[in-house]
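Accompanying notes for the structure given below.
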Amino acid sequence: MALYQFKLPDIGEGIAECEIAAWRVTTGQQVSEDQALVDMLTDKAAVEIPSPVAGVVVALRGAVGDKIAVGGVLVEIETDFAGDTAAADVSGQTNATMSLPQASGIPAPSAHSPADPQRDADRPQTSPAVRKRARELGIDLAQIRGSGPRGRIRLDDLPVAGGDDRHDRVDTRPSPTPATTGDVESIRIVGLRRRIAETMQRTMQRVPHFSYVEELDVTELESLRQHLNQQHGAARGKLTLLPFLIKALVQVRKDFPQINSRYDDEAGVLHQHRAVHVGIATQTPQGLVVPVLRDAQQLDLWAMAAEIRRLAEAARSGKARRDELSGSTITITSLGPMGGITTTPVINAPEVAIVGVNKMVERPMIRNGSVLPRLMMNLSSSFDHRIVDGWDAASFIQAIRGRLEHPATLFID
């Protein structure tokens, strides 16, 4: 038997540490090779980490919400390999996703020469992990009656005494348990919610935001959208407002190259992109994520709509790949029918702009001296003032407005 120390593998993209999102195993549990051990949360996704060996879990090195450095011990597993100890020395990268285990290439421990047979016969039969724990507790294993086969001593056979900290450092709960004192409920913020909090705080501290709100008359656009859905919806899928907005954004981006950009403020370099990779802010049961519609300039309305639906579903079900959650050059956020009158969206740094969609409302408007019912909607957008001036931001939104209020121009190059 051997104690196998499984270390957090390098999952790529320069990630130095990950947060424990959820344990998939408990101490004392038998696990098979490639069985999921733990979900680790990176900046972009929850990565499922599988076991490289079969054996019995004897220790989990952290609680939900704890951060573990790459190369740090995650799990200790008692294996059938000979020798006293073994360690997983991980190198390389993993192609991890939010739900599919793809970590591989982890070497198995090598066997060691057996100890002296007579000495082994005199020693209580147990694992290195139990011997180590017994030493920590000051327990003579010769005085312990084992419950395993042929009297083998298991970890659970050891009395809980002398400062046993197994339950202090091991937390197998899928989510934190609130602590209630009187009228106050204290909830530890972990997982994606903590990532969102950290990202929002960092963005607001580093990026000087300013917002610009413009009112649009989308009466004609909505009429066109409904007509296209009636004519082609059954065969090509339903269109929402977003593909039209993205098409307008694609058309105007050549006149505002600094807005379809990513700003590396540490290096002082602005990366202007010819391709338009649109982040679609999506609410999921776990929190807000931003899947990316890539190369929007190459897609027609229906291809955009289909890809937006696919990405949203992948994000909500936790199946979005890591490469689908990074690399956007500008983000669109919408609260749908709850969109309110105006919002002040937070930039998805290192991007320099975010376009927010508010709800459509029919209101009386004056047109050529007559009061007419018109369908109105606001765009509430925010910009990084280090890169985008107020005049350019207003001109950018006005250019989008012109195309959406006269939707025929969306089909003219």
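Positive end of the charge dipole of segment 196-345 (Lys, Arg +1 and Asp, Glu -1 on Cβ, about the Cα centre): tell me which of I246, A315, A281 has its Cα farthest that way.
It is A315.
Efficiency by 1/(1 + (r/R0)^6): what FRET value for E220 and A54, r their Cβ-Cβ distance, R0 = 56 Å, to the nearest 0.05?
The pair E220/A54 has a calculated efficiency of 0.30.
What Kirkwood hydrodynamic radius do you get for segment 218-342 when you take the inverse of the mean 1/r over all pairs of distinct Cα atoms, in Å? Please list the in-between numbers first.
On the way: mean 1/r = 0.0636 Å⁻¹.
Across segment 218-342, the inverse of the average 1/r is 15.7 Å.
What net charge is computed for the residues neighbouring G390, neighbours being all others with C-beta under 15 Å from the C-beta of G390, Lys and Arg scored +1, Asp and Glu -1? Could the numbers behind the result be given before it?
Numbers: positive: R386; negative: E214, D384, D389, D392.
Overall, the nearby charge balance is -3.
How big is the charge dipole of segment 208-411 about its Cα centre, in debye rounded to the nearest 20, if each Lys and Arg gets +1 on its Cβ and each Asp and Glu gets -1 on its Cβ? Don't jump to the answer; show the numbers that get you there.
Numbers: 22 positive and 21 negative charges, 140 e Å.
About 680 debye.
Once you place label points 7 Å from the Cα toward the Cβ at S32 and N368, how far apart are they in nm?
Result: 7.4 nm between the two label points.
P(r) for segment 201-244, please, calculated from all Cα pair distances in 5 Å bins and given in %.
Result, from short to long distances: 5, 16, 18, 13, 9, 9, 10, 10, 9, 2 percent.
Nearest 5 is fine: what % of DSSP beta bridges in segment 318-377 come out antiparallel, could you say?
65
Can you compute the charge dipole magnitude of segment 199-239 about its Cα centre, using +1 on each Lys and Arg Cβ and -1 on each Asp and Glu Cβ, nothing else charged? Give it in debye, rounded to the nearest 20.
Computed about the Cα centre, the dipole is about 440 debye.
So what is log10(I(q)/I(0)) for segment 309-374 at q = 0.18, 0.27 1/Å, when the Debye sum runs over its Cα atoms only?
With no solvent term, the Cα-only Debye profile gives -0.85, -1.15.
Coordinate-derived values only; no laboratory data. If you're wondering where the values come from, they're calculated on a predicted model, not measured in any experiment. Note that each Cβ is placed from the backbone with ideal geometry, even for glycine, and that neighbours are counted across all protein chains shown.
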